[in-house]
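Below: one structure, written as structure tokens.
The values are calculated or read from the model by the stated rules, or taken from the named source; none is laboratory data. In this text, all values refer to a predicted model and were calculated from it rather than measured experimentally. Cβ sites come from the backbone with ideal geometry, for glycine too, and all protein chains shown count toward neighbours. The area values use the complete protein model at the heavy-atom level, side chains included, leaving out ligands, DNA and RNA. Shrake-Rupley method; radii C 1.70, N 1.55, O 1.52, S 1.80 Å.
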Amino acid sequence: GDQSDEKQPLFIDNFFHLGGDEVDTTCWKRDEEIAAWMKNQSYSNPDEAYAYFVKRAASIATQHGKRPVQWSEVYDHFKHNLEESTIVHVWKSITNVTEVAEMGYDLLVNVGYANGSYYLDNLNRAWEEIYERSPCMGIPEDRPDLCKKVLGGHGEMWGETVDTSDFDATVWPRLAAIAERLWSSEDNTNDSTAALPRIQDFRCLLNERGVAAAPVNNADARTAPPGPGSCYKQRR
């Protein structure tokens with residue numbers, strides 16, 4: 001509760017990401033203090049304690065006027081028992097996005113390691129492949145009502161394959177492709193060929209401003225340009 005009070009003035013939107021992914025509850029039984037607490041609560045297994053935590057955390061968020069955002073695992077585990085204002089952040093391919101939308105939940109969609117994923121640590125994903133992935137992928141085309149439940153996605157750069165020496169070249173300019181895709185209408189983002197001059201110019205602009213954005217058409221993120229010359233020459 002105290003941390004929510006502290007962060008309230010910092011974030012003016014009404015979302016609060018509570019995480020919840022990759023939780024290993026088996027260690028809770030081995031911790032004497034947690035085991036004693038579960039026994040006092042009459043919980044027979046850690047799964048009940050996990051449910052308590054999810055519900056309690058969501059309740060704190062909603063009490064502060066925030067909508068709780070939870071990762072795929074939380075939905076896959078609790079389904080319709082989640083707080084109705086919860087936004088399900090889908091990153092696992094086993095999570096049925098159509099089912100989530102049909103249950104009335106809003107979604108953020110970015111399946112982690114699939115073709116066209118917005119995960120930027122997929123170093124061999126070309127910007128075109130990312131750009132051409134609709135955030136509504138996985139929802140039937142004849143259900144535009146469900147597509148409206150998809151609020152957007154994320155361009156995550158997880159830290160296992162990057163550090164300060166190569167961060168800019170790994171993220172940029174591919175993150176710009178994700179931004180245009182998610183912040184523009186479907187009609188204006190269905191042609192990567194038309195988008196190519198824009199992302200090439202944007203890459204040059206980043207370079208001019210001191211951001212070490214990688215060449216647009218290289219095979220992998222942060223690899224070397226095909227030859228000498230400025231970014232304007234490389235784009236031709």
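Among the chymotrypsin sites (Phe, Trp or Tyr not before Pro) within segment 10-92, those in coil by DSSP and having at most 14 neighbouring Cβ atoms inside 10 Å are Phe11.
Accessible surface computed residue by residue for the chain, with neighbouring protein chains in place and a 1.4 Å probe, gives 57 Å² per residue. Put simply, the amide H of Phe15, placed in the peptide plane, has neighbours under 5 Å in Arg67, leaving out anything fewer than 5 places away on its chain.
A full extension of the chain between Thr164 and Glu102 corresponds to an added length of 18.1 nm, given 0.36 nm per residue minus the alpha carbon distance. Between segment 71-118 and segment 124-153, what is the separation of their alpha carbon centroids in Å? Going from one Cα centre to the other spans 13 Å.
Pairs of lysines in the chain whose Cα atoms sit within less than 22 Å of one another amount to 16, provided the residues are eight or more positions apart or on different chains. Membrane-span-like helices in the chain, defined here as complete DSSP H runs extending at least 15 Å along the helix axis by their C-alpha atoms with mean Kyte-Doolittle hydropathy no lower than -0.5, are 46-63, 192-208; this is a sequence and geometry rule, not a statement about a membrane. If you roll a 1.4 Å probe over segment 119-236 with all protein chains in place, what percent of the accessible area is carbon or sulfur? Roughly 53 percent of what the probe reaches on segment 119-236 is carbon or sulfur.
Using a simple charge model, +1 on the beta-carbon of Lys and Arg, -1 on the beta-carbon of Asp and Glu, nothing else, what dipole does the chain show about its Cα centre, in debye to the nearest 20?
560 debye
Evaluate E = 1/(1 + (r/R0)^6) for Leu123 and Arg30, where r is the Cβ-Cβ distance and R0 equals 41 Å; express this FRET efficiency to the nearest 0.05. E between Leu123 and Arg30, to the nearest 0.05, is 0.65.
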